[in-house]
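The values are calculated or read from the model by the stated rules, or taken from the named source; none is laboratory data. All figures in this text were calculated on a predicted structure; none of them were measured in a lab. Note that we place each Cβ from the backbone using ideal geometry, even for glycine, and neighbour counts take in every protein chain shown. Surface accessibility is based on the protein's heavy atoms, side chains included, excluding ligands, DNA and RNA. Shrake-Rupley method; radii C 1.70, N 1.55, O 1.52, S 1.80 Å.
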Amino acid sequence: MNFYLKTFLDVISVTVPIFSIIAIGYLFRRRGVIREAAVPALNKVAYYLGLTTLVFTSIVKYDLKEIFNIGIVKTIYVTFAIFIVIIFLGVYFLKINNRTKGAMAVSSFRCNMAFIGIPIIVSAFGDMAAAKTAIIIAFMTPVNVIFAIIFFKVLGEDENKKNYGRFLLDFIKDPILIASILGILVSYFRVMIPNSVMNLLNILAGLAVPLALLTIGASFRFSHIRKNLKLLVPATVLKLIVEPFIAFFIGRYLFKLGVLDISIIVILFAMPLAVAAYIMGKEYGSDFDFLSSSLIISTVSSAFTLTLWLFILKIIFKT
């Protein structure tokens with residue numbers, strides 16, 4: 001079989017099942033199989049139980065020395081530093097209201113690392129990649145949250161309505177961050193976990209991928225898109241194409257990372273907007289209609305762009 005055709009089919013075999021489950025979640029909600037009131041609860045189960053245990057178990061399966069690479073951390077932070085400046089300068093001078101400025105800025109960089117990132121990477125690269133991804137999430141989460149708050153604060157309005165102390169507390173209590181830190185400590189100190197406990201955690205971790213994808217689909221709303229389309233397009237291009245390209249360039253040519261590390265970082269930066277950004281924006285009094293529209297557009301578009309990125313990476317690295 002032709003190499004390019006085989007590569008394309010391999011990539012499709014990863015992305016099609018992932019986005020098919022998202023589509024099923026949307027149809028289930030439309031048909032009433034998943035009721036409107038149940039979506040927030042399912043979202044919490046997926047996040048607090050499934051994804052948290054998946055992150056923890058992914059890390060503790062390996063010795064920390066096998067999965068940690070300081071070059072990854074450097075690539076993440078340099079990419080963020082460059083991209084954040086680009087976004088701020090690009091959005092600040094737009095002649096739109098401040099609430100929409102903040103929403104557009106956050107929509108351009110905030111990554112859905114856990115709900116879509118983990119399933120894609122596990123399917124494409126396997127268990128070792130999942131462990132590395134969990135480490136990366138531990139370092140990316142603080143940056144994601146902190147800069148989202150900064151953009152909502154600097155570019156937003158209604159300062160008196162913002163509760164920064166609460167968001168700082170929520171950040172510290174984030175279950176994915178806690179699971180990542182605990183996993184790192186267990187892996188580093190080689191703490192033995194009883195088989196019965198590990199089996200329980202593995203069962204719970206099995207909930208993560210399907211439940212997270214179903215809740216993404218069930219959360220979709222297609223209103224408010226048309227009026228924001230002119231701003232949604234550049235925000236989506238920045239998020240899904242420009243940001244991962246910067247990460248690829250820095251990872252490969254500046255820090256000379258290995259194939260797997262570069263691939264994971266590029267795919268994580270190519271993720272669509274995180275659902276958490278919508279929730280945070282609503283709390284901060286930002287333009288949550290724009291954030292909702294961006295969530296839908298970026299997630300639907302990522303079905304194509306993630307397929308393209310996986311294809312490009314496989315062609316470049318001949319994997």
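Things worth noting here:
- Proximal charge balance of Phe222 [Cβ under 14 Å; K/R count +1, D/E count -1]: +4
- Global geometry of the chain, whether rounded, prolate or oblate, following the gyration tensor of its Cα atoms and the 1.5 cut on a/c: rounded
- Once the Cα-Cα distance is subtracted from the 0.36 nm per residue extended length, the Tyr77 to Arg226 segment shows a gain of 50.2 nm.
- Sites Val237 and Ser20, calculated FRET efficiency, Cβ-Cβ separation with R0 22 Å, nearest 0.05: 0.30
- Between Leu49 and Asn199, the distance separating the two model label sites (each 7 Å from Cα on the Cα→Cβ line) works out to 2.0 nm.
- Taking only protein heavy atoms and a 1.4 Å probe, the accessible area of the range 15-60 is 65% carbon and sulfur.
- Mean Kyte hydropathy of -0.5 or more with a Cα span along the axis of at least 20 Å, helices from DSSP in the chain: 3-31, 70-92, 127-154, 175-189, 288-317
- Farthest positive-ward along the chain dipole, Cα basis, beta-carbon charges - from Ala138, Ile118, Ser108: Ser108
- Cross-link partners of Lys173 among lysines (Cα-Cα below 17 Å; sequence separation of 8 or more within a chain): Lys44
- Within the accessible area of the range 235-274, the carbon and sulfur atoms contribute 77%, probe 1.4 Å, all protein chains present.
- Within the listed set Ala208, Ala124, Ala38, the residue fluctuating most in the Gaussian network model of the chain (springs between alpha-carbon atoms under 10 angstrom) is Ala38.
- The loop-placed chymotrypsin sites (Phe, Trp or Tyr not before Pro) in the range 214-319, going by DSSP, that have at most 12 neighbouring Cβ atoms within 10 Å of their Cβ come out as Phe222.
- Length added when fully stretched, Ile146-Val259, from 0.36 nm per residue minus Cα-Cα: 37.8 nm
- All lysines inside 27 Å of Lys101 as judged from Cα atoms, apart from same-chain residues fewer than 8 positions distant: Lys153, Lys161, Lys162, Lys227, Lys230, Lys239, Lys282
- Over the chain, Cα pairs under 8 Å with separation of 6+ residues give a relative contact order of 35 percent.
- FRET efficiency estimate (nearest 0.05) - Cβ-Cβ, Leu207 to Val186, R0 30 angstrom: 0.90
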